[in-house]
1. Which ones in the range 59-81 are without any contact (Cβ under 8 Å) to a residue 24 or more places away in the chain and of a type in the set (Ser, Thr, Tyr)?
2. Go through the residues of the range 80-102 one by one and say whether even a single one is farther than 25 Å from Gly178 by Cβ and out of contact with any helix residue (DSSP H, G or I) (no Cβ under 7 Å at 6 or more places or on another chain).
3. Could you go through the range 83-106 and let me know if any residue there is among the hydroxyl-bearing types (Ser, Thr, Tyr) and within 26 Å of Tyr35 (Cα to Cα).
4. Among the residues in the range 22-39, are any over 20 Å from the mean Cα position of the chain (by Cα) and closer than 30 Å to Ala152 by Cα?
5. For the range 68-93, which residues satisfy the criterion of being within 15 Å of the chain's Cα centre (by Cα) and aliphatic (A, V, I, L, M)?
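Every number in this text was worked out from the coordinates using simple rules, so none of it is lab data. Note that the coordinates shown come from a computational prediction; the quantities given were computed from them, not determined experimentally. With ideal geometry, Cβ positions are generated from the backbone for all residues, glycine too; neighbour counts draw on all protein chains shown.
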Amino acid sequence: MTAVISHWSQENQSAAKSILDRYPEKRSALMPLLYVASLEHEYASDDAMREVASLTGISAAQVLSVASFYTMFKAVPVGRYLISVCTSVVCYLNNADEVLEAVEGTTGVDSGGITHDGAISVERVECIGACGGAPAVQVNYETVEGLTREKAEALVNWLRDAKPPVVLADEMQQLFGGQRSFDWGPMDPDGAVRPIPAFGPYGSVEEGR
Ligand code: FES
């Protein structure tokens, strides 16, 4: 019979059971179970990792080694909005330090922290794959590119005041972004410059595609 964690919500118990049923080797279910445990505990807490260890039959240390490798598993509680500021080399050379300073100053928390009301978390991250639009930032993993100190401050104030229920890359880009990775493109014979067709704007999905 599949093991369950009896104090988890019914919904999370069912999710865990269905995940475990899919894997003959229980340890292979580690990552999806960590996700469910993080939902239950609101982050990958020590208890969450111990519970995943008991479900998979591996040690808590092994669970920790996976959870600490993948940065999307959080070892501390995270706010409703997670602002991830890229400070890798291309963004760094394009004033990412000013963007990070603006985000930290406007939220009042250092990287790795969370605001008192639990609304906003700030973190410094490695390259998020938007080097062409550096400096780049993500909010809840939606990317906005070409930020400046002023735009970063405006972005934080918008999150705090408007409290958008859903954060979308295209909307943030329009409101607070600048140069983005694929605004530029090859010039057509008629002189028009268009985005490279293979790369639509981040976060956009055309119907029927
Ligand atoms: S270095 Fe910042 S997105 Fe690549």
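1. The answer is Ser59, Ser65, Ser68.
2. Here is the first cut: in the range 80-102, the ones farther than 25 Å from Gly178 by Cβ are 80.
Still in the running and out of contact with any helix residue (DSSP H, G or I) (no Cβ under 7 Å at 6 or more places or on another chain): 80.
Scanning the range 80-102, I find at least one residue that is farther than 25 Å from Gly178 by Cβ and out of contact with any helix residue (DSSP H, G or I) (no Cβ under 7 Å at 6 or more places or on another chain), so the answer is yes.
3. Within the range 83-106 (the criterion being among the hydroxyl-bearing types (Ser, Thr, Tyr) and within 26 Å of Tyr35 (Cα to Cα)), the answer is yes, since at least one residue qualifies.
4. no
5. Met72, Ala75, Val76, Val78, Leu82, Ile83, Val85
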